[in-house]
Structures are given as C-alpha cells and as structure tokens.
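Trainee: Handing you this structure, nothing more for now.
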Amino acid sequence: MPASTTAPTVLTAKALLLDMDGTIVNSDAVVERCWRDWAVAHGLDPQEALKVVHGRQGYATMAILLPERPMAENLAENTVMLARETADTDGVVPVGGAPEFMASIASLPHALVTSADAALAAARMTAAALPMPEVRVTAESVRDSKPHPEGFLKGAAALGVDPADCVVFEDSAAGIAAGQAAGMRVIGVGPRAAAHAPTAHVLDLTEIAVTASPDGAITLTLRTA
C-alpha cells in the first residue's frame, strides 16, 4: 500500500504578526549564554532558568525566577541584560527559510511583535540580515510582557486589522499564549512550539508558502510532513 500523506494546512488572514527571537531570528546562542551566566550568578539552575526565559521580557523572567525580589531590582538588572544581549550578536542567524519568507510578505500587512526593546531588535535583525518591518511593537511599546496579549493587540490595531483576522507566528509558550489570548490563530515555529498547542506547527519557515489575492486575503499553506 502507498504511504499515507497528510493534506497541507491552509490558513487565511488579513495581517501577519511576527515574533522575532526563535521565530524569524535564531538567537538561542546569545540568549542561553547571557541567561546561563545570570542564573549562575544568582545561585539558580541554568537549565531551569532556560525553561522560562524564552518569549518574555527579561524583567518578567527574573520575577518568575526570583519571586521575592523587588520588581525595581528586576527592572534595573534587565537594563544591564539588554545592553549585554544587544552587544552580543555572535551566533545570531536567520531561522531556516526566514529570508525567503520575509521577502514573500514584504508588500503584505505585517508587524514585528517582540519582547526585545528597539535597540536589541535592530541589532538582531541586522545580524540575521533580515528586513525590519515598518510596523513594530517592541518592549517600549507595552506595559505588560507576553503572555499578556497587549503586544499582539497593539500590532493588530496599528495595522487596522481585526484580531480575528490576524495570524501570529511564535516559538515560545509565553508567545503562543499571548497570541491565543488576543483571539488570534497561532502558527508555532520550531521545536519549542509544538508542545504548547498552537493552531498549527512547522519546524521552520521553509514549510510555509505565502500567496495573496487581489481582495487582500493572505493564504498560508503549511507544507508539513
């Protein structure tokens, strides 16, 4: 009997909202270097720290790992962490298929929604040689970090698109939860995403084809195995 095949998943949208780290930019090497050092300096298990660091702003990660510490200390130390991460781009590369994916959506409504601040986002997008979206929601733009939906809701509003008509691209538990809380469908990208019940999942961006119709509809065809 011939091997069974799975029909591709097809989603339609009017706008796309893209997380950065782990979704279009692979910055794991830097993130893990910086946060391992931070965890060791605070007497924490680095492996346990790395389980919660992805997708959140640094101060929110610190609040989880050091729950008794005053938030003012987390905010101050996050400023130091951001400066270190911004200066360290060794090993920052595009996620598989990201250059082609970004080219395919260049003329379509899309926004970057990242927990990085503007300087860190610019450093990593530049290091990965990816174009910076004109519309972006960075750490300075929001009061609440993912998994709060504020960032994605602001991205949708900036594009003038109803949240239900947006598709989010995310890699982390916090980011997927944020997109779902915003009432959006979420495509999980990469190995971290599959366990967190996104609407659909791909290993990287080579598995997504993007087409647009004259009426403004964006069709995403996921070529998963």
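The values are calculated or read from the model by the stated rules, or taken from the named source; none is laboratory data. These figures come from a predicted structure and were not determined experimentally. Quick reminder, even Gly has a Cβ in these numbers, built from the backbone with ideal geometry, and neighbours come from all protein chains shown. To get the accessible areas, we keep the full protein, side chains included, count just its heavy atoms, and leave off ligands, DNA and RNA. Shrake-Rupley method; radii C 1.70, N 1.55, O 1.52, S 1.80 Å.
Trainee: Of the peptides 141-152, 203-214, how do they stack up when ordered by the mean number of other Cβ atoms within 10 Å, highest first?
Mentor: 141-152, 203-214
Trainee: With every protein chain kept in place and ligands, DNA and RNA left out, what is the accessible area per residue of region 4-113? Probe 1.4 Å, answer in Å².
Mentor: 46 Å²
Trainee: Have a look at ASN74, ALA106, GLY43 and report the one farthest towards the positive end of the charge dipole of region 40-119, computed about the Cα centre with Cβ charges (Lys/Arg +1, Asp/Glu -1).
Mentor: The Cα lying farthest towards the positive end belongs to ALA106.
Trainee: Please list, or write none, the aspartates and glutamates whose alpha carbon is within less than 13 Å of the alpha carbon of LYS14, excluding same-chain residues fewer than 8 places away.
Mentor: Partners found: ASP162, ASP165, ASP215.
Trainee: Just to be sure I understand, if you calculate semi-axes √(5λ) of the Cα gyration tensor in Å for this structure, which of (i) 30, 19, 17; (ii) 26, 20, 15; (iii) 23, 21, 17 do you get?
Mentor: (i)
Trainee: For the chain, give the magnitude of the charge dipole about the Cα centre (Cβ charges: +1 Lys/Arg, -1 Asp/Glu; no others), in debye to the nearest 20.
Mentor: 300 debye
Trainee: Could you give the accessible area per residue of region 126-176, probe 1.4 Å, as a whole number in Å²?
Mentor: On a per-residue basis, region 126-176 sits at 43 Å².
Trainee: What residue among LEU220, PRO163, ILE176 has its Cα farthest toward the positive end of the dipole of region 137-225, where the charges are +1 on Lys, Arg and -1 on Asp, Glu, each on the Cβ?
Mentor: So the residue we want is ILE176.
Trainee: Taking 0.36 nm per residue of separation and subtracting the Cα-Cα distance, what length does fully extending THR221 through LEU108 add?
Mentor: 39.1 nm
Trainee: Report in % the part of the accessible area of region 26-109 that belongs to carbon and sulfur, leaving out ligands and nucleic acids; probe 1.4 Å.
Mentor: Carbon-and-sulfur percentage of accessible area, whole number: 58.
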